[in-house]
Amino acid sequence: MSRRTERIGEEIRAELARLLVAEATDPRLRLVSLTRVEVAPDLSLAQVHWSAMPGPETPPPAAVGEALEHAAGFLRRGLARGLQLRRTPELRFRHDPSLELGGRTLATLRALAGEPEDQG
């Protein structure tokens, strides 16, 4: 990936995160964290990696992925308005389980150390 596509990927990630917080109305998208965006060299495609914050109110990853796919057109139009790109890439979403796995790993380590679980 070139520096240019990395920079554009980061701009896309930031704008998508802003759109999800400020304009998205689907409750399944409230706890989504965008971990990275990989952009094709010709800007035709942006692969958006996402993870959901672990918690009792978090919907299953399949439901979040479905909500993101449903919102893809809305998010792409928002990108076109918010960023000055010659071509607005097609958005594809891929689940990144790193936050969930990290949370489970920390819980396991705390249990092994005999520490109480977080209550809040």
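The values are calculated or read from the model by the stated rules, or taken from the named source; none is laboratory data. Because the structure is a prediction, the values reported are computed rather than measured. Positions of Cβ are generated from backbone atoms using ideal geometry, with glycine treated the same way; all protein chains shown enter the neighbour counts.
Table for the structure above
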{"quantity": "Filtered residues of segment 26-39 (kept if assigned to a strand (DSSP E or B) and under 14 Å from the mean Cα position of the chain (by Cα))", "calculated": "VAL32, SER33, LEU34, THR35, ARG36, VAL37, GLU38"}
{"quantity": "Lone unmet requirement of (1) modelled with pLDDT under 95; (2) crowded, with 18+ Cβ neighbours inside 10 Å for LEU16", "calculated": "(1)"}
{"quantity": "Residue selected from segment 50-66 under the condition surrounded by 18 or more Cβ atoms within 10 Å (Cβ to Cβ) and touching a residue at least 40 places away in the same chain (Cβ under 8 Å), by the criterion farthest from ILE8 (Cα to Cα)", "calculated": "ALA52"}
{"quantity": "Check on THR58, modelled with pLDDT under 90 and either closer than 18 Å to ASP96 by Cα or under 14 Å from the mean Cα position of the chain (by Cα) (or both)", "calculated": "yes"}
{"quantity": "Any hit, segment 104-118, residues being at positive phi and crowded, with 17+ Cβ neighbours inside 10 Å", "calculated": "no"}
{"quantity": "Residue satisfying condition, being within 14 Å of the chain's Cα centre (by Cα) and over 25 Å from MET1 (Cβ atoms), within set ALA107, ALA67, ALA72", "calculated": "ALA67"}
{"quantity": "Enumeration of residues in segment 1-14 that are free of Cβ contacts under 8 Å to residues at least 40 places away in the same chain and outside any loop (DSSP other than H, G, I, E, B)", "calculated": "ARG3, ARG4, THR5, GLU6, ARG7, GLY9, GLU10, ARG13, ALA14"}
{"quantity": "Helices (runs of 4 or more DSSP H) enclosed by segment 40-120 - at least 1 residues per element that are more than 19 Å from ALA17 (Cβ to Cβ)", "calculated": "61-70, 98-113"}
{"quantity": "Cβ pairs under 6 Å, 6+ apart, first in segment 94-120 and at pLDDT 75 or above, second in a helix (DSSP H, G or I) and aliphatic (A, V, I, L, M)", "calculated": "none"}
{"quantity": "Scan of segment 16-25 for residues that are under 12 Å from the mean Cα position of the chain (by Cα) and within 20 Å of GLN84 (Cα to Cα), ordered by number", "calculated": "LEU16, ALA17, ARG18, LEU19, LEU20"}
{"quantity": "Sole exception among (1) buried (at least 17 other Cβ atoms within 10 Å of the Cβ); (2) in contact with a helix residue (DSSP H, G or I) (Cβ under 7 Å, 6 or more places away or on another chain); (3) not hydrophobic (A, V, I, L, M, F, W, C) for ARG36, by number", "calculated": "(1)"}
{"quantity": "Filter pass, ALA17 being without any contact (Cβ under 8 Å) to a residue 40 or more places away in the chain, assigned to a helix (DSSP H, G or I) and under 27 Å from ALA107 (Cα atoms)", "calculated": "no"}
